[in-house]
Amino acid sequence: MTDKKNDSGDLMEKLASLCKRRGFIFQSSEIYGGIGGFWDYGPLGVELKRNIKAAWWEDVVRANDNIVGLDCSIIMNPKVWVASGHVGGFSDPMVDCKGCKARFRTDKIAYVSLTKGDNVLLDAAIEADDESEALAAAMAGANSKTRRRIEGAGGDLTSTVTFLSKMPDGETGKCPNCGGELTEPREFNLMFQTYVGALQDSSSVAYLRPETAQGIFVNYKNVMDTSRMKLPFGIAQIGKSFRNEINPRNYTFRSREFEQMEIEFFCHPDEAEKWYIHWRDTRYQWYIDHGLLSDKLHLRDHDPDELAHYARGCADVEYDFPFGQAELEGIANRTDFDLKAHQEHSGRDMTYFEDELWKDEAPKYTADKFDGDKKAARKAAEEAKSVMPYRFTPFVIEPSGGVDRATLAFLCEAYTEDEAPDENGHMQTRVVLKLHPRFAPIKIAVFPLVKKDGLPEIAHNIHAEAQASGLASFYDEKGAVGRRYRRQDEVGTPFCVTVDGQTLEDQSVTVRDRDSLAQDRVAIDEVVNYVRDRIIR
RNA sequence: GCGGGCGUAGCUCAGUGGUAGAGCGUCACGUUGCCAACGUGAAUGUCGUGGGUUCGAAUCUCAUCGCCCGCUCCA
């Protein structure tokens, strides 16, 4: 069997077509012309996605004593987003050039002028990050005559650098690229807004969360107080998030409504690096274990200049999609940035106290150690307790994965066209989703070889037994058995069980393997266990 | 947001001003005893949506929505 793995661009089209045809993924609101950036999961898609989420939850929450789950509301007090920096800080106004169509952030366009008295020696529009870079770039861009005049002017030059973002409203400068006219600055805030309550005024504005993480941070105290968790421990959550992407693209990859699976893992600052490495490697391995080949999966450590201002380390798990290498999950060391931000904005104490460590230390602060001065002893104790190593703000390691992105990656990886013989022995192209059995929407399909001689009844019984034991099972008696196999191949069903004439004689059935096409003869009583043994991990 | 391409049956697509089509899939019956494209029959379309031109529009035109590619963006 030779695989004709499709790494070209049409894989995406074939996959999208299959997903529509077999009920994995539909465009949202399709009968009304759809809506960009929103997608629906059909009968098989929802099973696949639930299986992925369930596997994550089992492996992350249930398999770890020090991780607990959470399910937060999507709409929160808007102050949460002020504290996190999502309101205000990250809405970068942009301008477009009407001439050359380039787009710029207004805080990246600088207007540099050099004057000596009333003489303007240099007046330039430059794309730059800061003043010194703008000046340097303006000088470098000047012609030799201008440069000589500037050098000749000696020290009595006046230089001004004005960023477009700092210019008065209504004033726009020229395009740094072509000198053309720029549009009015436009806000690109990616949070969806809504109103809470009947009154739609500025006091009732709220946001659909752009990430699940903040819901965890604001519940960190609640969880710690009620679940007896001690550092290091994690809080995990799966849920919808919303970003009003400017330009959703690449099928479900960049959607405006999407689902995240996130852990916020709280630990001692001294251990943050250790846990960061742990989670980075654990999460990377999780994707490999579930079928993403390691040569298509990349663990990419961010360069220091790529890191967000609050992060001390960050790595992306990336996959080679047909449209390019793109992120499935990010693992970041967010330091104590978030807890400190919420402590500052909410006024609530977010620090952690090492009481077991303090227990050993407390005897040093009894009154007799302070010449019987109880007050002095208490004061010294309070001071000692209020700082490291007893009291501190935990660091946070955040493995944050996209459920829809993982689903898409597993689908891309699973989509295979190989060749299988037809009834005359001629090789025919076969489409098969080689999904990890744990993720397969249907685990076992049960067929009577033909629709007579009591075979359907026996097959029905096996189907019912599989269902009763919790296996997602599918019964099919229509058409030729070969066609039924192919239908199941297309949706990734790992095992097909066929009841045939021999079953009537010796109570055995054939179990056919999706990937190898091999058939095993198994006793009816054993068949459910046989399949179960082969789908667990 | 800009530029280009596309939108016709569940899927893939043909159809350039005059009766809405094909292949596959689906359904029914038959056949078939282990790997889809056997037989017979059947269902299925706001031709993305809205306006305009025309005696007449899937076809020409404008707008709009969606999808794909490139640019841009991505806390």
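The values are calculated or read from the model by the stated rules, or taken from the named source; none is laboratory data. Keep in mind that what you see is a predicted model, and the values were worked out from it rather than measured. Note that we place each Cβ from the backbone using ideal geometry, even for glycine, and neighbour counts take in every protein chain shown. Just so you know, the surface numbers come from the protein's heavy atoms only, side chains and all, with ligands and any DNA or RNA stripped out. Shrake-Rupley method; radii C 1.70, N 1.55, O 1.52, S 1.80 Å.
Some notes on this structure:
- Sorted from greatest to least, the principal axis extents spanned by the alpha carbons of chain A come out as 105, 81, 50 Å.
- Largest-first ordering by accessible area, 1.4 Å probe, given options A:493, A:162: A:162, A:493
- Computed over segment A:337-467, the convex hull of the alpha-carbon atoms projects to a mean area of 17.5 nm².
- Ordering A:299-306, A:209-216 by mean Cβ neighbour count within 10 Å, with the highest value first, yields A:209-216, A:299-306.
- Listed pairs A:274/A:385; A:340/A:364; A:340/A:369; A:221/A:369 exceeding 28 Å between Cα atoms: A:340/A:364; A:340/A:369; A:221/A:369
- Computed over protein heavy atoms with a 1.4 Å probe, the accessible surface of chain A works out to 50 Å² per residue.
- Within segment A:409-428, backbone nitrogen closer than 11 Å to the virtual label 7 Å beyond the Cα of residue A:250 toward Cβ: A:409
- Between residue A:147 and residue A:50, the simple spin-label model (points 7 angstrom out along Cα→Cβ) gives 6.9 nm.
- C-alpha long axis of helix A:403-414 to longest principal axis of chain A, angle in °: 50
- Surface composition of segment A:321-461: carbon plus sulfur atoms contribute 49% of the solvent-accessible area (1.4 Å probe, protein chains only, all chains present).
- Mean Cβ count within 10 Å, highest first, over the residues of peptides A:66-74, A:370-378: A:66-74, A:370-378
- Within the assembled protein chains, the solvent-accessible surface assigned to residue A:15 is about 0 Å², based on a 1.4 Å probe.
- Here the gap between residue A:469 and residue A:289, fully extended at 0.36 nm per residue and compared with their Cα-Cα distance, gives a gain of 62.3 nm.
- Accessible area, probe 1.4 Å, largest first, for residues A:407, A:115: A:115, A:407
- Solvent-accessible surface (1.4 Å probe) assigned to residue A:354 amounts to roughly 50 Å².
- Only helices enter this figure: runs of n ≥ 4 DSSP H residues, each worth -39500 (n - 2.57), summed and divided by the residues of chain A, yield -9500 deg cm²/dmol at 222 nm to the nearest 500.
- Ordered by solvent-accessible area of protein heavy atoms (1.4 Å probe), largest first, the residues A:149, A:22, A:283, A:483 come out as A:483, A:149, A:22, A:283.
- Per-peptide packing, taken as the mean over residues of other Cβ atoms within 10 Å, places A:272-280, A:450-458 in the sequence A:272-280, A:450-458 from highest down.
- A simple count of charges around residue A:268, restricted to other residues whose Cβ falls under 13 Å of its Cβ and scoring Lys, Arg +1 and Asp, Glu -1, yields -3.
- Using a Förster distance of 22 Å, the FRET efficiency for residue A:281-residue A:230 (Cβ separation, nearest 0.05): 0.40
- With Cα atoms, 0 to 90° folded angle of helix A:43-57 axis to chain A main axis: 60
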